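Report on the following structure.
The values are calculated or read from the model by the stated rules, or taken from the named source; none is laboratory data. Note that the structure is a prediction, hence the values are computed from the model and not measured. A quick note on method: Cβ atoms are made from the backbone with ideal geometry, for glycine too, and the neighbour counts reach across all protein chains shown.
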Amino acid sequence: MADKRFFQKKGPFTLRELARVADAQLAPGVDPDFVIEDVAPLDTASSSNISFLDNIKYRDRFRETRAGACIVPPKFSDDAPPGIHLLLSSSPYKAYALIAQAYYPPQAREEGIAHSAEIHPSARIGLGCRIESGVVIGKDAVIGNRTLIEAHALIGAGVSVGNECWIGPGATVSHAMIGDHVRLYPGVRIGQDGFGFAIDPAGHVKVPQLGRVIIGDHVEIGANTTIDRGSGPDTVIGQGTWIDNLVQVGHNVKIGKGCVIAAQVGISGSTVIEDFVMLGGQAGVAGHLHIGAGARIAAQSGVMRDIPAGQEQMGYPAVPLRSFMKQAALLNRLIRKTKED
């Protein structure tokens, strides 16, 4: 159960209501009026909780759970413990997410501008915004309707922020155009100088970074992630892309829509990442590369060449998944042979 000091719970809800929320089906014989108080993990759930099973690794926990209800794919329904109520879904984790949102919706925020906020007279603030203590908003900045800017965030001159965005505490945004429903977590740095310079024995020469950062709608950018502005072309983050904490995106990078980029990834300048690419944690991508749509890069991989659309790669340097597995198997055989000799 979530700590009441930090989270406000709604409900209870009947299974009929939860099935409607999650677009799930009640299993045959399930009482649609059975009442559920809260969500909980399989191993700690009680008879008033609903849980979910999405990974075969947790099948034994499902068989032993005391949850009153559980969301499962149909193929796991035969493993259910006696007396449990089942909701059937082909996407149990998504169904659980929708149900958890019903119990724990975002907390409403009162609109208003703190007295200690510093807002340039030329800045335009939309309707229903909340701007908290210590926020600084620069000349000619535009803030959309119902946007929340938390304490000590900085919105630079000329920046545009869309409707219903959330800018976390201590975040800084400059040289950027941000769409609607964007979430920037605490400490995010958007639009600072890219790492551009001409190398010279007498001292490196800074190249002015004259581009912007363009962020599409429904993007999430995790805590302490940095996204450099372009050097002339823009740095672009496509609609619906989610970026984890502590990610570095270099100047002129183009990221398509629906990408997922895990923590501590580094993407060097001028690389193009097409739609729905997934990058595992601590992967590194060299500059001026092209990663095709739907490609998947495993954690800690080093990408040094272009990757075709849809291909899975891993390793350092990254190679197609099948090649990596063959290399690993060959290396293991060589090690065993060496020991035997």
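Is at least one residue of the stretch 305-312 more than 25 Å from His181 (Cβ to Cβ), in a helix (DSSP H, G or I) and either outside the structural domain of Val219 (by TED's automatic domain parsing) or among the β-branched types (Val, Ile, Thr) (or both)? Looking for residues that are more than 25 Å from His181 (Cβ to Cβ), in a helix (DSSP H, G or I) and either outside the structural domain of Val219 (by TED's automatic domain parsing) or among the β-branched types (Val, Ile, Thr) (or both), one finds none in the stretch 305-312, hence no. For the stretch 272-300, a residue qualifies if it is touching an Asp or Glu at 6+ places or on another chain (Cβ under 9 Å), under 11 Å from Ala318 (Cβ atoms) and in a loop (DSSP other than H, G, I, E, B), and the qualifying residues are Leu289, Ala295, Ala298. Kindly check whether there is at least one residue in the stretch 14-27 that is modelled with pLDDT under 95 and in a loop (DSSP other than H, G, I, E, B). Checked against the condition, which is being modelled with pLDDT under 95 and in a loop (DSSP other than H, G, I, E, B), the stretch 14-27 yields no hits at all. Inspect the stretch 273-280 for any residue being more than 16 Å from Val219 (Cβ to Cβ), buried (at least 19 other Cβ atoms within 10 Å of the Cβ) and free of Cβ contacts under 8 Å to residues at least 24 places away in the same chain and give the result as yes or no. Scanning the stretch 273-280 turns up no residue that is more than 16 Å from Val219 (Cβ to Cβ), buried (at least 19 other Cβ atoms within 10 Å of the Cβ) and free of Cβ contacts under 8 Å to residues at least 24 places away in the same chain.
A quick yes/no check of all residues on (1) of a type in the set (S, T, N, Q); (2) touching a residue at least 24 places away in the same chain (Cβ under 8 Å):
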residue	(1), (2)
Lys139	no, no
Val142	no, no
Leu154	no, no
Ala157	no, yes
Ser174	yes, yes
Met177	no, yes
Val182	no, yes
Pro186	no, yes
Gln192	yes, yes
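Residues of the stretch 111-133 that are of a type in the set (D, E, K, R) and surrounded by fewer than 16 Cβ atoms within 10 Å (Cβ to Cβ): Glu111, Glu118, Arg124. Of the residues Ala95, Ala151, Ala108, Ala67, which is surrounded by 17 or more Cβ atoms within 10 Å (Cβ to Cβ) and part of a loop (DSSP other than H, G, I, E, B)? Only one candidate passes the filter, namely Ala67.
A count restricted to the stretch 61-94 and to residues that are touching a Lys or Arg at 6+ places or on another chain (Cβ under 6 Å) and either of a type in the set (Phe, Trp, Tyr) or within 14 Å of Leu15 (Cα to Cα) (or both) stands at 0. Beta carbons closer than 6 Å, at least 6 apart along the sequence or on distinct chains, pair a first residue in the stretch 104-131 that is in contact (Cβ under 8 Å) with a residue 24 or more places away in the chain with a second that is among the aromatic types (Phe, Trp, Tyr) for Tyr104/Phe7.
Restricting Arg20, Arg16 to residues that are within 20 Å of Ala102 (Cα to Cα), among the charged types (D, E, K, R) and in contact with a strand residue (DSSP E or B) (Cβ under 9 Å, 6 or more places away or on another chain) narrows the list to Arg16. With closer than 27 Å to Ala263 by Cβ and of a type outside the set (D, E, K, R) as the only criterion, which of Ile143, Ile167, Ile137, Ile131 stands out? Checking each option against the conditions leaves just Ile167.
One line per residue, one yes/no per condition, for (1) modelled with pLDDT of 95 or more; (2) surrounded by 18 or more Cβ atoms within 10 Å (Cβ to Cβ); (3) under 24 Å from Gln282 (Cα atoms):
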site	(1), (2), (3)
Ala171	yes, yes, yes
Ser174	yes, yes, no
Val188	yes, yes, yes
Asp200	no, no, no
Gly211	yes, yes, no
Thr225	yes, yes, yes
